[in-house]
Amino acid sequence: MQELSSKLSELENLLRLLPPAKRSALLKSVTALFAENNARYRPAQIVLFDRLLNQLMCEPEREATAEFSRRIAALPSQPIKVVDRLARNDDITIAEPVLMRSSCLDDSTLGDIARTKGQTHLLAIACRPRLTAEIVDLLLARGDEVVVRYVANNRGAQISEKVAAALVERARTDETLAILVRERREIADRMGRTAPAEARALSA
(Lines give C-alpha, C1' and ligand atoms only; values in the text may rest on other atoms or scores of the structure.)
Protein backbone atom coordinates (compact mmCIF):
# COMPACT_ATOMS: atom_id res chain seq x y z
CA MET A 1 0.00 0.00 0.00
CA GLN A 2 2.95 2.37 0.63
CA GLU A 3 4.13 1.69 -2.91
CA LEU A 4 0.64 2.58 -4.17
CA SER A 5 0.74 5.92 -2.36
CA SER A 6 4.10 6.70 -3.95
CA LYS A 7 2.82 5.83 -7.41
CA LEU A 8 -0.25 8.01 -6.94
CA SER A 9 1.93 10.94 -5.92
CA GLU A 10 4.10 10.42 -9.00
CA LEU A 11 1.00 10.33 -11.21
CA GLU A 12 -0.21 13.55 -9.67
CA ASN A 13 3.07 15.25 -10.55
CA LEU A 14 3.05 13.89 -14.11
CA LEU A 15 -0.54 15.00 -14.59
CA ARG A 16 0.52 18.63 -14.65
CA LEU A 17 2.33 17.94 -17.95
CA LEU A 18 -0.44 15.83 -19.51
CA PRO A 19 -2.42 17.33 -22.43
CA PRO A 20 -6.16 17.58 -21.67
CA ALA A 21 -6.98 15.30 -24.62
CA LYS A 22 -5.27 12.36 -22.92
CA ARG A 23 -6.90 12.78 -19.54
CA SER A 24 -10.03 10.82 -20.44
CA ALA A 25 -8.04 7.63 -21.07
CA LEU A 26 -6.04 8.11 -17.89
CA LEU A 27 -9.27 8.73 -15.95
CA LYS A 28 -10.49 5.26 -16.95
CA SER A 29 -7.20 3.68 -15.90
CA VAL A 30 -7.06 5.38 -12.51
CA THR A 31 -10.74 4.61 -11.90
CA ALA A 32 -10.08 0.93 -12.59
CA LEU A 33 -7.16 1.04 -10.15
CA PHE A 34 -9.36 2.71 -7.55
CA ALA A 35 -12.15 0.16 -8.02
CA GLU A 36 -9.73 -2.74 -7.59
CA ASN A 37 -9.55 -3.70 -3.92
CA ASN A 38 -11.45 -0.49 -3.14
CA ALA A 39 -12.57 -1.59 0.32
CA ARG A 40 -8.96 -2.22 1.36
CA TYR A 41 -7.68 1.31 0.80
CA ARG A 42 -6.87 3.37 3.89
CA PRO A 43 -8.42 6.83 4.37
CA ALA A 44 -5.18 8.59 3.41
CA GLN A 45 -5.06 6.67 0.14
CA ILE A 46 -8.69 7.48 -0.59
CA VAL A 47 -7.75 11.16 -0.20
CA LEU A 48 -4.90 10.73 -2.71
CA PHE A 49 -7.26 9.10 -5.20
CA ASP A 50 -9.79 11.86 -4.56
CA ARG A 51 -7.27 14.56 -5.43
CA LEU A 52 -5.98 12.74 -8.50
CA LEU A 53 -9.40 11.84 -9.90
CA ASN A 54 -10.61 15.39 -9.33
CA GLN A 55 -7.80 16.68 -11.52
CA LEU A 56 -8.48 14.07 -14.21
CA MET A 57 -12.20 14.79 -14.58
CA CYS A 58 -12.79 16.52 -17.90
CA GLU A 59 -16.08 18.39 -18.04
CA PRO A 60 -16.22 18.42 -21.88
CA GLU A 61 -15.89 14.62 -21.93
CA ARG A 62 -19.54 14.06 -21.05
CA GLU A 63 -19.81 10.33 -21.76
CA ALA A 64 -16.56 9.47 -20.01
CA THR A 65 -17.53 11.52 -16.95
CA ALA A 66 -21.01 9.95 -16.82
CA GLU A 67 -19.50 6.46 -16.96
CA PHE A 68 -17.03 7.50 -14.27
CA SER A 69 -19.91 8.68 -12.08
CA ARG A 70 -21.75 5.37 -12.48
CA ARG A 71 -18.68 3.40 -11.49
CA ILE A 72 -17.80 5.58 -8.51
CA ALA A 73 -21.37 5.46 -7.17
CA ALA A 74 -21.21 1.65 -6.97
CA LEU A 75 -18.07 1.53 -4.79
CA PRO A 76 -18.13 1.04 -1.00
CA SER A 77 -15.38 3.64 -0.42
CA GLN A 78 -15.76 6.84 -2.41
CA PRO A 79 -13.70 10.02 -3.00
CA ILE A 80 -15.75 12.68 -1.20
CA LYS A 81 -14.68 15.77 -3.15
CA VAL A 82 -15.13 14.02 -6.48
CA VAL A 83 -18.60 12.77 -5.52
CA ASP A 84 -19.59 16.27 -4.39
CA ARG A 85 -18.46 17.69 -7.75
CA LEU A 86 -20.31 15.01 -9.70
CA ALA A 87 -23.51 15.50 -7.68
CA ARG A 88 -23.54 19.24 -8.39
CA ASN A 89 -23.05 18.82 -12.14
CA ASP A 90 -25.85 20.39 -14.19
CA ASP A 91 -25.86 17.36 -16.52
CA ILE A 92 -28.21 14.85 -14.90
CA THR A 93 -26.54 11.89 -16.63
CA ILE A 94 -23.42 12.76 -14.62
CA ALA A 95 -25.11 13.75 -11.36
CA GLU A 96 -27.79 11.05 -11.17
CA PRO A 97 -25.70 7.98 -10.23
CA VAL A 98 -24.13 9.58 -7.16
CA LEU A 99 -27.30 11.48 -6.18
CA MET A 100 -29.21 8.22 -6.11
CA ARG A 101 -26.62 5.94 -4.53
CA SER A 102 -23.66 7.67 -2.90
CA SER A 103 -23.59 7.32 0.89
CA CYS A 104 -20.97 10.04 1.37
CA LEU A 105 -23.31 12.88 0.36
CA ASP A 106 -24.45 14.59 3.56
CA ASP A 107 -27.65 16.55 4.12
CA SER A 108 -25.85 19.86 3.68
CA THR A 109 -24.81 18.95 0.13
CA LEU A 110 -28.14 17.36 -0.73
CA GLY A 111 -29.93 20.40 0.66
CA ASP A 112 -27.88 22.79 -1.50
CA ILE A 113 -28.66 20.73 -4.59
CA ALA A 114 -32.35 20.43 -3.72
CA ARG A 115 -32.59 24.22 -3.37
CA THR A 116 -30.74 25.15 -6.55
CA LYS A 117 -31.11 22.42 -9.19
CA GLY A 118 -34.00 21.39 -11.41
CA GLN A 119 -36.60 18.66 -11.24
CA THR A 120 -34.41 15.87 -12.62
CA HIS A 121 -31.91 16.40 -9.80
CA LEU A 122 -34.72 16.48 -7.26
CA LEU A 123 -36.09 13.24 -8.67
CA ALA A 124 -32.69 11.55 -8.35
CA ILE A 125 -32.50 12.62 -4.70
CA ALA A 126 -36.05 11.34 -4.12
CA CYS A 127 -34.85 7.88 -5.20
CA ARG A 128 -32.15 7.60 -2.50
CA PRO A 129 -32.52 4.61 -0.14
CA ARG A 130 -32.89 6.93 2.85
CA LEU A 131 -34.10 10.52 3.14
CA THR A 132 -34.13 12.60 6.31
CA ALA A 133 -37.15 14.73 7.19
CA GLU A 134 -35.18 17.88 6.31
CA ILE A 135 -34.51 16.71 2.75
CA VAL A 136 -38.07 15.41 2.34
CA ASP A 137 -39.38 18.86 3.30
CA LEU A 138 -37.25 20.45 0.58
CA LEU A 139 -38.35 17.93 -2.03
CA LEU A 140 -42.01 18.56 -1.27
CA ALA A 141 -41.50 22.33 -1.28
CA ARG A 142 -39.78 22.43 -4.68
CA GLY A 143 -40.69 19.17 -6.37
CA ASP A 144 -43.24 18.68 -9.13
CA GLU A 145 -45.90 15.97 -8.97
CA VAL A 146 -43.51 13.25 -10.15
CA VAL A 147 -40.94 14.08 -7.45
CA VAL A 148 -43.65 14.15 -4.78
CA ARG A 149 -44.98 10.76 -5.90
CA TYR A 150 -41.50 9.24 -5.66
CA VAL A 151 -41.08 10.67 -2.16
CA ALA A 152 -44.44 9.19 -1.12
CA ASN A 153 -43.39 5.82 -2.53
CA ASN A 154 -39.94 5.88 -0.87
CA ARG A 155 -40.11 3.68 2.23
CA GLY A 156 -36.79 5.09 3.39
CA ALA A 157 -38.14 8.65 3.52
CA GLN A 158 -38.79 10.04 6.98
CA ILE A 159 -42.37 11.30 7.11
CA SER A 160 -42.94 14.08 9.65
CA GLU A 161 -46.34 15.43 10.68
CA LYS A 162 -45.75 18.39 8.36
CA VAL A 163 -44.88 16.15 5.42
CA ALA A 164 -47.82 13.82 6.06
CA ALA A 165 -50.19 16.79 6.05
CA ALA A 166 -48.66 18.14 2.84
CA LEU A 167 -48.94 14.76 1.11
CA VAL A 168 -52.57 14.36 2.13
CA GLU A 169 -53.38 17.86 0.88
CA ARG A 170 -51.66 17.31 -2.48
CA ALA A 171 -53.32 13.90 -2.84
CA ARG A 172 -56.71 15.68 -3.02
CA THR A 173 -55.92 16.69 -6.63
CA ASP A 174 -53.57 13.86 -7.62
CA GLU A 175 -55.17 10.42 -7.81
CA THR A 176 -51.85 8.64 -8.35
CA LEU A 177 -50.43 10.27 -5.24
CA ALA A 178 -53.61 9.41 -3.34
CA ILE A 179 -53.08 5.72 -4.14
CA LEU A 180 -49.48 5.90 -2.90
CA VAL A 181 -50.54 7.67 0.29
CA ARG A 182 -53.25 5.07 0.96
CA GLU A 183 -50.60 2.36 0.70
CA ARG A 184 -48.54 4.03 3.43
CA ARG A 185 -50.52 3.35 6.57
CA GLU A 186 -48.17 5.43 8.73
CA ILE A 187 -49.27 8.56 6.84
CA ALA A 188 -52.98 7.92 7.25
CA ASP A 189 -52.48 6.82 10.87
CA ARG A 190 -50.47 9.92 11.66
CA MET A 191 -52.99 12.21 9.98
CA GLY A 192 -55.79 10.38 11.76
CA ARG A 193 -54.61 11.88 15.05
CA THR A 194 -55.00 15.43 13.76
CA ALA A 195 -57.39 15.31 10.80
CA PRO A 196 -59.70 12.30 11.06
CA ALA A 197 -61.89 13.33 8.13
CA GLU A 198 -58.96 13.63 5.73
CA ALA A 199 -57.46 10.36 6.92
CA ARG A 200 -60.75 8.54 6.46
CA ALA A 201 -61.14 10.02 2.99
CA LEU A 202 -57.76 8.68 1.92
CA SER A 203 -58.46 5.29 3.45
CA ALA A 204 -61.81 4.91 1.69
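Among the residues of the stretch 118-133 satisfying the criterion of being farther than 17 Å from SER103 by Cβ and surrounded by fewer than 20 Cβ atoms within 10 Å (Cβ to Cβ), which is modelled with the lowest pLDDT?
Of the stretch 118-133, the ones farther than 17 Å from SER103 by Cβ are 118-123, 133.
Keeping just the survivors that are surrounded by fewer than 20 Cβ atoms within 10 Å (Cβ to Cβ) gives 118-120, 133.
Numbers: GLY118: 97, GLN119: 98, THR120: 98, ALA133: 94.
Among residues in the stretch 118-133 that are farther than 17 Å from SER103 by Cβ and surrounded by fewer than 20 Cβ atoms within 10 Å (Cβ to Cβ), the one modelled with the lowest pLDDT is ALA133.
If you take just the helices (runs of 4 or more DSSP H) that sit entirely in the stretch 87-191, which of them hold at least 3 residues that are under 30 Å from ALA64 (Cα atoms)? Outline the logic, then answer.
Details: elements: 92-101, 107-116, 119-126, 133-142, 145-153, 161-171, 175-183.
Counting at least 3 such residues, we get 92-101, 107-116, 119-126, 145-153.
So which of SER77, SER103 is over 28 Å from THR176 (Cβ atoms), out of contact with any helix residue (DSSP H, G or I) (no Cβ under 9 Å at 6 or more places or on another chain) and either at pLDDT below 95 or surrounded by fewer than 17 Cβ atoms within 10 Å (Cβ to Cβ) (or both)? I'd like the intermediate steps shown before the answer.
Working: SER77 fails: out of contact with any helix residue (DSSP H, G or I) (no Cβ under 9 Å at 6 or more places or on another chain).
From the options SER77, SER103, the qualifying one is SER103.
Here is a list: ALA178, ALA171, ALA166. Which entry is surrounded by 20 or more Cβ atoms within 10 Å (Cβ to Cβ), more than 15 Å from the chain's Cα centre (by Cα) and farther than 30 Å from ILE80 by Cα? First the steps, then the outcome.
On the way: ALA178 fails: surrounded by 20 or more Cβ atoms within 10 Å (Cβ to Cβ); ALA166 fails: surrounded by 20 or more Cβ atoms within 10 Å (Cβ to Cβ).
Step by step, each of ALA178, ALA171, ALA166 is checked, and only ALA171 is surrounded by 20 or more Cβ atoms within 10 Å (Cβ to Cβ), more than 15 Å from the chain's Cα centre (by Cα) and farther than 30 Å from ILE80 by Cα.
Taking the stretch 19-39 only, how many residues are surrounded by 10 or more Cβ atoms within 10 Å (Cβ to Cβ) and within 11 Å of SER77 (Cα to Cα)?
Counting residues in the stretch 19-39 that are surrounded by 10 or more Cβ atoms within 10 Å (Cβ to Cβ) and within 11 Å of SER77 (Cα to Cα) gives 4.
The values are calculated or read from the model by the stated rules, or taken from the named source; none is laboratory data. Keep in mind it's a predicted model, so treat the numbers as computed, not measured. As a convention, Cβ positions derive from the backbone with ideal geometry for all residues, glycine included, and neighbour counts pool all protein chains shown.
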